[in-house]
1. In percent, how large is the relative contact order of chain A, given Cα pairs closer than 8 Å and 6 or more residues apart?
2. Normalised by the empirical 2.2 N^0.38 Å for globular proteins, what value does the Cα Rg of the stretch A:180-260 take?
3. Over the alpha-carbon set of the stretch B:38-167, work out the extent along each principal axis and list the three values in angstrom, largest first.
4. Between the stretch B:103-137 and the stretch B:1-39, what is the separation of their alpha carbon centroids in Å?
5. Is there a quick way to get the dipole size of chain A? I mean about its Cα centre, with the Cβ of Lys and Arg at +1 and of Asp and Glu at -1; what is the value in debye to the nearest 20?
6. Whose amide H sits under 5 Å from the amide H of A:Met149, counting only residues 5 or more places off or on another chain, with H placed in the peptide plane?
7. Using the eigenvalues of the Cα gyration tensor, what equivalent ellipsoid semi-axes result for the stretch A:62-182 when each is taken as the square root of five times the eigenvalue, whole Å, largest first?
8. Among B:Thr64, B:Thr19, A:Thr134, rank each residue by its count of other Cβ atoms within 10 Å, from fewest to most, as a rough exposure measure.
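Taken together, the values in this text are just the output of simple stated rules run on the coordinates, not laboratory data. This is a predicted model, so every value here is computed, not measured. Using ideal geometry, Cβ is built from the backbone for each residue, glycine included, and neighbour counts are taken over all protein chains shown.
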Amino acid sequence: MPRFFTVKNVLLTIALLLLVILVVRNAGSDGKLNPAAGFLRDGLAPAYHLMTNTGQKINEWVSYPVALLEASRDNRELEEKISRLEARIRQEEEVRQENKRLKRLLEWQEGKGQQYDSVVASIIARDPDNWFSTVTVNKGREDGINSDMTVVAPTGLVGRVINVSPDTAEVMLITDPRSGVGALMQETRAPGIVEGIASGSVYLHMNHIPANIMVTEGETVITSGQGSIYPKGIAIGAVVDVNKVTSGLFKMATIKPYVDFNRLEEVLIIK
Amino acid sequence: MRFLVFGILVLLALMLQVTLVEFIQVWGVKPDLVMVLITINGFLRGTREGAFSGFAAGLLKDLTAGDFLGVGCLSGLVAGYAAGFAESRLFKENRIIVLGLVGFTSFLGQLTSYLLLLLAGMGLPPGIAVWKILILLSTYNALIGFVIYGRYYRSVQKGLLSKEANV
């Protein structure tokens, strides 16, 4: 029968007990390492650091081409996304601008234009020649549009309808050399006829103003209502210059229209 | 085939004319793309075809504009014939010649329009008509002609507008 209490077994048991006591004593310590462990860890820390950094560098170096490909793909996707967003912003800006213009037309309809039955139309084409000033709008006979109907914008008189097809109408602008509008100076009530000079011209002429009536620069010119086409009181423009005609009987004023015909996109047709 | 292609080009030019050309006005004057096509085509084809295609393109323009039917036909005919007159007399390879020719024939075409409109009772001030429309427009047309001539010439030589493209 083997003997348990040999010297070897007794020493082993004592060592185990000491180890257990050591573990139990260190358990729940205040977070401080014992000097030996601290010394060992501090001594190895630079080596750990060096090895970890080297490993990271190698990893980066090995995976660089893959990362580059991924970055390139991400970049392309982001660029596409930016383009899409930019296009969307432009579209939204366009809608915002259109909304603004339509709001102004609506305000005119509900305010000054309340007495008229009007319909909103968009300009879809302009005269191909340089001789005339006409525009084509997207409302026609089927929308109740007829020749000689007055066309306005919130800022003032635009012109009149001269030709109508089922779906479109041609509008002669007041800048057309064939156009003549019976007009009045708003303050002095001096009568005259506002005529277009040429296509592309930014000014109009008001002819046949009686020479004995004083006309001042900046005065507003409105439609007189005579001639049965244009309703009375629609603003046309402001006087920028006045000259006496050589015969001496009349004056001629140069008028700057309130409507910017080059930037006109929507109009109101008074039925 | 080439007549069809020319017709499509005129139609495209006309569509641009009534929509986008408005945005490239200079001092209130816009180029006349149809007139430029009529002139270049006349120069490369001679009097007969130049006059005919000028008349046809002008008619299309008149129908689109809806005013004074016939003015565009006659001005196109004059410009096309005048350009065709130069066909056998001037070098076709030189763009500078085209610059001058398009300017000159545009001037003639627009002068025809002006005289016809005067006859029709449209009292446009001569100063504005001559300076703004005749001179400025002709210059503008000449520049446009200078830019597009090379491509058109190549197409007439061996493209869709060449005689070989006839089917």
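1. On the way: 450 pairs, mean separation 40.1, N = 271.
Across chain A, relative contact order equals 15 percent.
2. Details: Rg = 11.5 Å, N = 81, 2.2 N^0.38 = 11.7 Å.
Rg over 2.2 N^0.38 Å, computed on Cα atoms: 0.99.
3. Principal extents (Cα only, largest first): 46, 31, 22 Å.
4. 18 Å
5. Numbers: 30 positive and 32 negative charges, 301 e Å.
My answer is approximately 1440 debye.
6. Residues meeting the amide H criterion: A:Val161.
7. Each semi-axis is √(5λ); the values are 48, 18, 13 Å.
8. The order, fewest Cβ neighbours first, is B:Thr19, B:Thr64, A:Thr134.
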